[in-house]
Amino acid sequence: MKFAAFLSALLVALQVFALPPHPRLFLPKGEEEALRRNIRADTRWQKVHEAILAESGEMLAQPNPEFKLNARKEMHHIGCEAVRRMFFLAYSWRMTADKRFLRKAESLARDICDLKSWNPYHFLDVAEINLAATIAYDWLYDALPPDLRNALMVSIRDKALITSETGGAGNPEYNLRWMDMTSNWSQICHGSLAIGAIAIHEDATEVCDRILARSGEKIRIPMEAEYVPDGAYSQGIGYWGYGTMLNVMYLDAMEMNFGSDSVAALESIPGFMQTGKYFSELLTNTQQSFSFSDNSTGDNLPEHCVFWFYKKTGDPTLLYHQKAMLDRWTGDPSFVHGPYARHDPLMLIWGAGTGDSPCAEFARAKQPEDLFYIVRGLNPICTMRSGWTQDDIWVGFKAGNPSCPHGHMDVGEFMLEWGGVRWAEDLGSDSYSAFVSLKKGSLFNMKPDALRWNDLLRYNNFSHNTLTINGTFQNLETKAEFTACGAETDSMYAVANLDKTYAGTLKSARRRVSLLEGNRVVVEDSLAARPLKDAAVVWNLTTRADGFSFDKQSGVITLTGVNSAGENKTMRLKVILSEKSASPAGFKVARSKVDDEFFYPNMEKPAPGCWFVRIKYIIKKGKTQVLRVEMQPDN
């Protein structure tokens, strides 16, 4: 269906469909018992359910969050906490009929309604607080006092929906800068607003119809920008979870209330229904993440929206990592704490489901067969693995553009895991608020002279597992593509053309990353110096390996590390410079603590246990050099 036809079908649906009674979002009225039955059918779902109820019980004695702006003039983290509490309390009320949960949810709802504004200056705040208000309005509808029900409706209408049209107080144009963005902001804001419009549709029909029509048109923009053609997401795995979660919440709410035709065109956007696999492939064999750009390097919690994709596609490989992560995390308090837990009830609604049997039956979970994965898009990535256990090798390789939202100068970066040790690591992002006192501008300023690149080590190429030429940064607003690849089990590889990334410092640049015979990774750089200037090359490895030695005669670097089980592991790196005449001085190897190189050591987030291992060499002007680093586990 063409998109114009989709909009036409949506507008017809708005006029024709009689919306169901409340609750009408995610878990329709009367389906609580079916959900309880499916939860009882699997101990994993029981543990999730019980953890939500227990955490809701803890909330009863806690004061409601205070809605105060931070140094960046936003309260996004408080909005996320409001969603977590409202979702948990409303879920617990619906599943147990315990009025203590209802009364606590009402108390939070009144605080939300009493706010003069939901802070459109940082519209993600509006999106989160609107979602909390919408869940209260829809899921508690019949039990709410009439005055609170009306106050919620008015707040959703005025502080979210109408404000999204006018921009609110202050700088309306700036407040609505997200409207046509290609990033997750657009998915989050349009998705939340549409969900709110569905909830209060009877009481504010005209504005709700406008919001629903606009959301259907605008949410297409980031969907086409991000997921086409293969399901990749330029901002990486963490932001994939945020943007995609609100996207599928929008699709779920629309289909539930206006039928499948209302979302058919959006779900058919190339790559979108394949993006559940993207999350699975970007997890290592220990469920850590391929943490390029502003993404966390820590362990991952189960991803709620993957269960929506499983519900839609029935692909059993999507359950493979989710099953392992549920087994790992459901007894840990962090499973129900913090912003990533705020949608936990939806994992049960989509995973356990309300059908005749659980939707996601973990006995069906299947280990993926493919060992090689490559996707195009704004930030092309490739992963290779020798298998799916901790004792197998996993390697990730990134091309792309530093100027993507949340981007780093990490083009050409590789990451490597084997034996439960991250041999090639990424430092991840720093606090968005920590550097306000420097008064050097926003961390989200992506211009060449910005704080992000010049003052913070984590964001430029000096700290990533890539190359630095003549001590300079990678070029912004340029994109590197994969130009060749191979998926044969004994010879997997991908080649990235880095010419544009290093234009001005090199005549040409290619990086090839290979996984050979399932037992070694080879990183090979073919670099040509410019005709009139030598090229000083730094090959960087950021690693958690705490043991190091270098044998200059053999050219072998030996790294040792310890995994979470306390096992000692060893990785050997054989360094070979192919063209002696191009680099007559050979190469040098140096090692340093990451924490010793921070530009602002008292402000930047520490990286305990992380080291830089660097190979340095000079390519004479007009010459071409090939550096080959062969990395092999000592097993």
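The values are calculated or read from the model by the stated rules, or taken from the named source; none is laboratory data. What you see is a predicted model, and the numbers here were worked out from it, not measured in a lab. In this analysis, Cβ positions are derived from the backbone assuming ideal geometry, glycine residues included, and neighbour counts consider all displayed protein chains. Areas reflect the complete protein model, heavy atoms only, side chains present, ligands, DNA and RNA absent. Shrake-Rupley method; radii C 1.70, N 1.55, O 1.52, S 1.80 Å.
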Label-zone membership for the stretch 132-152, site Asp203, 7 angstrom Cα→C-beta point, backbone N under 13 Å: 133-152
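Solvent-accessible area per residue for the stretch 282-354 at a 1.4 Å probe radius, Å²? Each step should come with its number before you reach the end.
Values: 1980 Å² over 73 residues.
With all protein chains present, the stretch 282-354 gives 27 Å² per residue.
Tell me, what is the per residue accessible area of the stretch 138-225 in Å², probe radius 1.4 Å? Numbers along the way, then the final one.
Details: 3020 Å² over 88 residues.
With the other protein chains kept in place, the stretch 138-225 gives 34 Å² per residue.
Once R0 is set to 30 Å, what does the formula 1/(1 + (r/R0)^6) return for the Cβ-Cβ distance between Arg36 and Lys68, expressed as a FRET efficiency to the nearest 0.05?
Working: r = 38 Å, r/R0 = 1.27.
It comes to 0.20.
FRET efficiency for Asp180 and Asp499, Cβ-Cβ distance as r, R0 = 30 Å, nearest 0.05? Display every interim value, and only then the final one.
On the way: r = 31 Å, r/R0 = 1.04.
Efficiency at R0 = 30 Å is approximately 0.45.
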Cα-based equivalent ellipsoid of the stretch 105-253: semi-axis lengths in Å, sorted from largest, via gyration tensor: 26, 16, 14
The chain - percent of accessible surface contributed by carbon and sulfur, probe 1.4 Å: 50
Rough spin-label spacing in nm, given labels placed 7 Å along Cα→Cβ, for Ser403 and Asp299: 4.0
Nearby lysines by direct alpha-carbon distance to Lys593 (threshold 19 angstrom, same-chain neighbours under 8 apart not counted): Lys605, Lys616
Relative frequency of Cα-Cα separations exceeding 26 Å in the stretch 166-282, percent: 19
Net charge of neighbours whose Cβ lies under 14 Å from the Cβ of Trp329, counting Lys and Arg as +1 and Asp and Glu as -1: -3
Accessible area per residue in Å² at 1.4 Å probe, computed on the stretch 476-553: 47
Span from the the stretch 508-540 Cα centroid across to the the stretch 255-290 one, whole angstrom: 34
Sequence-distant residues sharing a close amide H with Gly412 (under 5 Å, placed H): Lys398, Ala399
Computed lengthening from Ser437 to Thr389, 0.36 nm per intervening residue step minus Cα-Cα distance: 12.8 nm
Long pairs among Lys104/Lys159; Lys447/Lys533; Lys218/Lys323; Lys104/Lys311; Lys398/Lys623; Lys159/Lys440, criterion Cα-Cα beyond 24 Å: Lys447/Lys533; Lys218/Lys323; Lys104/Lys311; Lys398/Lys623; Lys159/Lys440
The stretch 440-504: radius of gyration and largest Cα-Cα distance (Dmax), Å: 15.1, 50
Whole-Å distance, taken between Cα centres, linking the stretch 44-107 and the stretch 403-473: 35
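Please work out whether the stretch 447-606 counts as rounded, prolate or oblate from its C-alpha gyration tensor, where a ≥ b ≥ c are the square roots of the eigenvalues and a/c under 1.5 means rounded, while otherwise a/b larger than b/c means prolate and anything else oblate? Provide the component values of the computation, followed by the final result.
Working: a/c = 1.41, a/b = 1.07, b/c = 1.32.
Rounded, since a/c falls under 1.5.
Where does the chain land on Rg(C-alpha)/(2.2 N^0.38 Å)? Working shown, then result.
On the way: Rg = 25.7 Å, N = 635, 2.2 N^0.38 = 25.6 Å.
Working it through for the chain, the quotient is 1.00.
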Dipole axis of the chain (+1 Lys, Arg; -1 Asp, Glu on Cβ), positive-most option in Gly586, Ile78, Tyr239: Gly586
Computed lengthening from Ser508 to Lys366, 0.36 nm per intervening residue step minus Cα-Cα distance: 46.8 nm
Degrees separating the helix 146-155 axis from the principal Cα axis of the chain, which is the longest one: 40
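What shape does the stretch 538-635 take by its C-alpha gyration tensor, where a ≥ b ≥ c are the square roots of the eigenvalues and a/c under 1.5 counts as rounded, a/b above b/c as prolate, and the rest as oblate?
Working: a/c = 3.06, a/b = 1.38, b/c = 2.22.
In terms of gyration-tensor shape, oblate.
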The stretch 557-635 versus the stretch 121-170: alpha-carbon centroid distance in Å: 52
Dmax and Rg, reported as Rg then Dmax, of the stretch 319-426 (C-alpha, Å): 17.3, 50
Largest-first principal axis extents of the Cα set of the stretch 39-137 (Å): 46, 25, 22
All-pairs Cα distance distribution in the stretch 342-392, expressed in whole percent, bin size 10 Å: 19, 27, 32, 23, 0
Solution diffusion estimate, µm²/s, Stokes-Einstein, the stretch 565-622, Kirkwood Rh from C-alpha pairs, 25 °C, viscosity 0.890 mPa s: 167
Nearest 10 degrees, 0 to 90: helix 76-96 Cα axis against the chain principal axis: 50
Residue list for the stretch 403-425, given a label point 7 angstrom along the Cα-to-Cβ vector of Ala565 and an amide N cut-off under 18 Å: 417-423
Estimated 222 nm signal from helices in the chain, with DSSP H stretches of n ≥ 4 weighted -39500 (n - 2.57), rounded to 500: -10500 deg cm²/dmol
Ranked packing of 594-606, 458-470, 220-232, most packed first, by mean Cβ within 10 Å: 458-470, 220-232, 594-606
Prolate/oblate/rounded label for the stretch 372-435 (Cα gyration tensor, a/c 1.5): oblate
